[in-house]
Every structure is written in structure tokens, then in C-alpha cells.
1. Residues in segment A:43-61 near a label at A:Lys14, defined as backbone nitrogen under 17 Å from the 7 Å Cα→Cβ point?
2. Please report the net charge: other residues with Cβ closer than 9 Å to the Cβ of A:Ile120, K and R +1, D and E -1.
3. Just list whichever of B:Lys52/B:Lys145; A:Lys60/A:Lys172; A:Lys14/A:Lys193; B:Lys145/B:Lys200; A:Lys319/B:Lys247; A:Lys219/A:Lys319 have alpha carbons separated by over 20 Å in the model shown.
4. Using a 10 Å cut-off on Cβ to Cβ distances, tally the other chain neighbours for every residue of B:114-125 and report the average as a whole number.
5. Averaged over its residues, how many other protein chain Cβ atoms are within 10 Å of peptide A:276-286's Cβ atoms?
6. Taking every residue in A:113-122, how many Cβ atoms of other protein chains lie within 10 Å of its Cβ, on average?
7. Probe 1.4 Å, all protein chains in place: accessible area of A:His10 in Å², nearest 10?
8. In segment B:57-101, which residues become less accessible by 40 Å² or more once every protein chain is in place, relative to the chain on its own, using a 1.4 Å probe?
Amino acid sequence: MGDVLVFAEHQQGKFPKSSLTAILAGQELAQKRGGKAVAVVASDNPDSLASELAKYGCAKVVALAHPALKNYLADAHAQALAALVKSSGAEYVLATATAMGKDLMPRLAARLGAPMASEIVAINEDGTLIRPMYAGNALATIEMDGPVKVVTVRATAFDAAKPADSPAPVEKVNAEIDGASARMQFVAFNQTKSDRPQLIEARIVVSGGRGLKSGDNFKTVLEPLVDEMGAAMGASRAAVDAGFVPNDLQVGQTGKVVAPELYVAVGISGAIQHLAGMKDSKVIAAINKDEEAPIFSVADYGLVADLFKAVPEMVQEVKKLKQS
Amino acid sequence: MKILVPVKRVPDPATTIRVLPDGSGIATDNVKWVINPFDEIAIEEALRIKEKQGSGEVVLAAVGQQSWQEQLRTGLAMGADRALLVRTDAALDTLAIARLLAKLAEDQKPDIIILGKQAIDDDSNQVGQMLAEMLGWPQATFASKVEFQDRKCTVVREVDGGLETIGFDLPAIVTTDLRLNEPRYASLPGIMKARKKELKEIPAESLGVDLTPKLKIKKLDPPPKRQAGRKVASVEELVQVLHNEAKVI
Ligand SMILES: Cc1cc2nc3c(=O)[nH]c(=O)nc-3n(C[C@H](O)[C@H](O)[C@H](O)COP(=O)(O)OP(=O)(O)OC[C@H]3O[C@@H](n4cnc5c(N)ncnc54)[C@H](O)[C@@H]3O)c2cc1C
Ligand SMILES: Nc1ncnc2c1ncn2[C@@H]1O[C@H](COP(=O)(O)O)[C@@H](O)[C@H]1O
């Protein structure tokens with residue numbers, strides 16, 4: 001009892017920081033429940049991924065292998081993981097609440113008949129979990145019953161696991177997948193190309209809203225600031241809906257949750273759904289021409305100004321600072 | 001095509017939510033109740049599919065209290081054909097809700113079930129995926145485009161780092177993301193017509209599903225309040241304080 005299986009998502013042959021976050025959260029949960037953390041990687045060819053994963057101090061790494069695990073698809077992955085959970089006797093299955101984690105884990109929970117807590121932000125000593133509800137306006141203390149429980153963690157709420165002194169043993173398992181019942185087909189992935197840091201991992205995030213007025217202005221006005229600051233770029237829903245920027249830049253209750261050291265909101269009013277995705281940032285700065293904008297109620301530093309004047313000036317000021 | 005759309009009643013996203021002092025729930029005295037915004041998008045998508053194909057039926061389904069009739073009527077006024085209300089006053093978890101919806105699906109035999117990706121009150125993002133597993137159907141969550149060719153469905157999904165396309169045969173589950181469509185408003189004639197449409201109540205206990213919640217909310221707490229900061233006078237000052245005071249650049 002008390003063992004935690006951590007599903008570690010990989011992207012392009014690597015583990016993003018969000019997966020290392022799941023490992024640390026899984027280790028914390030296992031420790032509080034008197035069990036051990038076991039990391040799981042699933043792929044058609046998991047060997048090198050498994051040896052990478054083994055560096056991060058889990059009791060064991062399980063490499064689930066099957067041709068059907070080549071591209072991520074919910075039905076095949078849920079089948080493979082459910083069989084592993086049953087044979088391992090683990091009490092918890094945990095993953096990060098990424099797009100993949102959100103898609104997969106409820107399906108797995110249903111397969112196991114297990115309850116699921118989404119996007120937890122803390123683990124109490126007694127094993128109860130804390131998760132935000134109502135766009136972060138309430139923090140719920142959650143208790144789950146049953147032999148197996150499913151959990152996703154919010155990436156910004158936990159640190160990333162660090163490499164341990166010695167690698168964990170790797171166990172390769174041929175996944176149990178009934179091909180006939182795996183009925184989804186992967187067609188294509190249209191990747192948003194960007195050389196900038198990933199939104200949820202960046203130390204600085206600069207986000208733009210409807211105030212930018214066009215996709216062109218994102219490029220000519222906001223991007224120079226983003227790049228001068230070495231930041232990741234984010235956006236409000238209004239900017240994404242208007243087609244100024246791609247969907248995966250949306251910060252908020254129903255987009256990505258970020259908590260960088262510095263969040264700069266430009267031309268964003270600060271609707272509750274947006275605040276839900278950034279209010280845990282360490283320092284918040286806001287530029288808005290409306291001094292009554294709600295974003296100023298959470299900003300450590302607010303500048304009431306026209307962004308089309310202020311942002312180019314800021315690019316120059318940051319440049320000066322770097323030169324001095 | 002027969003389309004089932006599960007609908008949840010939630011506080012209007014524009015309402016400020018406050019936790020009750022005893023932590024037992026949220027204050028509901030000034031709350032306006034609406035259809036979960038993602039479910040409105042689901043209803044809209046179902047109506048468009050029916051309109052495009054020139055035939056079919058859009059059936060709404062909710063698991064909740066008597067008061068939820070209001071939101072089902074709104075959905076009927078948007079253009080849905082009929083509605084089912086699985087009546088219960090119990091606090092259910094997502095597993096029980098998905099099980100009840102699965103029972104309805106076995107009975108109604110829809111070709112596709114379109115749900116919201118998440119309810120904006122509990123923010124769980126679970127029911128659609130659970131339902132897909134219970135029925136053994138394919139799932140396409142976070143859809144921003146849905147297309148059909150006979151019984152084959154192709155969905156573009158909003159995922160980390162871009163857009164993913166997946167394909168599968170019906171029956172299947174789709175959950176909506178914000179960019180899928182812009183929901184219509186109920187028209188006055190729509191509202192008049194909706195009064196006469198069928199809204200059938202089914203007692204939850206009659207469906208033979210174990211409703212005992214495995215997940216319980218022990219209490220709610222308000223989040224820690226963020227101290228409002230101060231205004232700065234110029235861009236120069238902003239960059240200076242971020243460097244010297246906050247030490248983040
Ligand atoms: C179900 C649901 C889910 C949602 N999820 C999200 C979410 O995840 N993320 C999210 O962000 N939103 C979300 N929203 C939308 C949210 O409610 C707001 O509508 C949205 O955040 C507004 O975006 P905005 O601040 O860019 O636009 P606006 O509210 O229009 O604000 C634009 C701001 O720009 C300022 N401005 C304009 N011109 C200038 C200028 N020249 N210089 C300086 N300032 C200027 C204005 O003063 C204004 O404050 C959701 C809404 C719903 C209903
Ligand atoms: N009580 C309910 N009755 C009907 N549909 C529901 C109910 N709860 C959730 N749903 C559906 O499931 C979706 C996801 O909800 P959730 O998993 O709670 O975030 C919602 O957008 C609805 O379509």
C-alpha cells in the first residue's frame with residue numbers, strides 16, 4: 001500500500017520539466033503514504049527514455065513497450081497503464097495536468113473504477129489533497145476512497161525532481177493492449193514552431209491581450225520585448241480567439257497555468273479567468289492604459305500607459321540595463 | 001445523426017465566487033446560474049451538425065436538481081430537440097455522473113456525445129474521458145474542429161505545442177474547446193417553442209448505478225490574497241524597480 005505510479009510524459013524523445021515535476025510530487029505523495037514511487041514511461045521503443053528516467057531517484061522505472069504506444073492515444077495508453085496498475089498493486093497513479101495528462105488520466109480512472117483529483121497543488125500530511133476550484137477562487141481539501149486513486153498535479157505547484165546519486169533499476173514490460181478495442185488513429189501533429197522558452201517552464205513570461213489589437217502588433221511590438229527579456233510569450237483568451245497568436249499560448253483557467261519569477265501583462269484587463277492562470281507568479285508587472293483595470297489589483301508594479309508607446313521604450317530600457 | 005449533449009448548471013463566469021465562512025461551500029445568494037460555457041459550445045456544435053446534415057436529433061442530458069430544468073429549457077430554446085434530466089439532490093462525484101450518463105447513452109444510442117472539456121465550477125475536466133472509457137468509445141478532447149465523412153470523424157485538438165489531428169469511427173465522444181464555435185443566443189420564437197418540447201425527468205436511483213461518492217470535498221478555503229502593489233510613473237522606473245527592488249531582471 002501507498003505506492004505511487006508516476007506516468008512520465010515524453011515529447012520528442014525527452015522528458016519536459018513538467019514530467020520531472022510529476023516525479024517529485026509522486027515521491028512526496030509516496031513518502032506521506034508510506035510507499036515508494038515508481039516511474040513509468042510508455043513507448044514503442046522505451047529503452048533510452050527509461051534509462052534517462054532512471055536518473056531521477058525513483059525506486060524503479062517501468063518501461064511499457066508496445067507498437068501501439070508509438071504515438072500518444074488515450075485508449076491504448078489507458079489500457080496499458082490500467083493493466084500495470086493492477087499488477088503492481090499501487091495505491092495511486094499520478095501525472096502532470098498537461099494536455100496529455102488531462103486527456104489520459106480520467107479515462108484511466110474510469111477503467112480502474114477509481115476516483116480522480118485534477119490539478120492538485122499540495123499534499124497534506126494526512127494524505128488529503130488540495131486543488132483549486134471556481135477559477136482558483138476556492139481551494140478544496142479532497143479525500144478519496146478505494147484501493148486505487150488517480151491524481152494529476154499542477155506543474156507550477158511542485159519543483160522538478162533532481163538527478164539522484166545512483167540510477168533506479170529498469171524493468172521492461174510488454175504492455176497489454178487489445179488492438180481490436182484500440183479504435184483511435186493518430187493523423188497529424190501540427191507543431192507551433194518557436195525558439196522561445198516553453199510557457200510553463202520560463203523564468204519570465206510576457207503576455208499580450210486584446211489591447212495589442214492585431215497579430216502584426218504581437219510581432220512588431222510585443223515580440224521584441226519578449227526576446228529582449230529572454231521570456232516566453234503568453235496571451236489572453238481574447239488575443240487567441242481573435243487569431244493574433246496560436247491557441248497554446250493562452251494563459252488562464254481554461255488555458256495554461258504559469259507561475260514564473262516575473263509575469264508582464266500587456267494590454268490585458270485581468271479577468272478572473274486570466275488571473276487564475278498567472279496570479280501565483282512571484283512578481284507581476286502590468287501595462288494598461290486604463291488605471292481601473294483589474295489586473296492592477298494583483299500587479300506588484302503597474303504602469304498606466306499606452307502600450308504602443310511604453311513597450312518600445314521598455315525594449316530600449318532593458319537593452320540599456322543589459323549593457324550597463 | 002443522433003447527438004447527445006450533457007449539460008451542467010454552473011455559476012455565471014462573470015460572478016465573483018466567495019467561499020462561505022464555515023468552508024462548506026460557496027455563497028450562492030447573488031449567483032446567476034447559466035449553462036456551463038463549454039456546454040453551450042457543445043450544443044452549438046450539435047445544432048450545426050444537424051443543420052449541415054439536414055437531419056438528426058439533438059438530445060440534452062443533465063444530472064442534477066429540479067432547478068437545472070432552467071438550463072435545459074435554455075438549451076431547447078437554442079434549438080435542441082428534447083431533454084433528459086436525471087434527478088438527484090445528492091453530491092455526486094465525476095465517476096457517478098459519468099456512470100449515469102453512460103446508462104443514458106446505452107438507452108438512447110447516440111452516434112456521438114459532445115460534452116464540454118471542463119465544468120467551470122469544479123474545473124475537473126474528467127467526465128467526457130470517463131464516459132468514453134465506460135462506453136468503450138474513442139475520445140477526442142479539446143476539439144477546435146470536427147468533421148465527418150459518413151461514419152468517420154476527424155477532430156483537430158488543442159494540445160500543448162500545437163494542434164493534433166485524430167480520426168476514428170462513430171460512435172465517439174468529443175469534448176469542446178473554446179475555439180470550436182461561437183454559440184448562438186436563444187431567439188424569442190426559440191424560447192416559445194422550447195416550452196412545448198419534451199423535458200423528461202428520470203430519478204437517478206432508477207438507473208441502478210452506485211452513486212456513493214469515492215471523492216469527497218472536506219472543505220473549501222479562500223485562496224491566499226495577493227497584496228496589490230503600487231503604480232510606477234514611467235517605463236524607466238518600471239525597469240529600475242524590476243531590476244533593483246524585485247531583482248527579477
Ligand atoms: C468559459 C470561459 C473561459 C475563459 N478562459 C480564459 C482563459 O483561460 N484565459 C483568459 O485570458 N481568458 C479567459 N476567458 C476570457 C476572460 O473572461 C476575458 O474575456 C479575457 O481574459 C479578456 O482578454 P483581454 O484582457 O485581452 O481583453 P479585454 O478584457 O478586452 O482587455 C483589453 C485591455 O487592454 C487595454 N488596452 C487597450 N488598448 C491599450 C493600449 N493601447 N495600451 C494599453 N492598454 C490597452 C484595455 O484597457 C483593456 O484593459 C474565459 C472566459 C470564459 C467565459
Ligand atoms: N452533472 C452533470 N450533468 C450533465 N453533464 C455534466 C455534469 N457534470 C459534468 N457534465 C459534463 O461533463 C463536462 C466536463 O465536466 P467536468 O469533468 O466536471 O469538468 C461538462 O462540460 C458537461 O458537459
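The values are calculated or read from the model by the stated rules, or taken from the named source; none is laboratory data. Everything numeric here is computed off the predicted structure, so don't read it as measured data. Note: ideal-geometry Cβ built from the backbone for every residue, glycine included; neighbour counts use all protein chains shown. Ligands, DNA and RNA are excluded from the accessible area calculation, which covers all protein heavy atoms including side chains. Shrake-Rupley method; radii C 1.70, N 1.55, O 1.52, S 1.80 Å.
1. Once the point is set 7 Å along Cα→Cβ of A:Lys14, A:48-56 turn out to lie under 17 Å by backbone N, inside segment A:43-61.
2. Details: positive: A:Arg131, A:Arg154; negative: A:Glu119.
Here the charged neighbours net out to +1.
3. Exceeds cut-off: B:Lys145/B:Lys200.
4. Values: counts 0, 0, 1, 3, 4, 1, 7, 4, 6, 13, 8, 11.
Shielding by partners across B:114-125 averages 5.
5. Working: counts 3, 0, 0, 4, 3, 2, 2, 8, 3, 9, 3.
Mean inter-chain Cβ contacts per residue within 10 Å come to 3.
6. Values: counts 5, 3, 9, 10, 3, 7, 3, 0, 1, 0.
Mean partner shielding for this stretch: 4.
7. For A:His10, the solvent-accessible surface is approximately 50 Å².
8. B:Leu95
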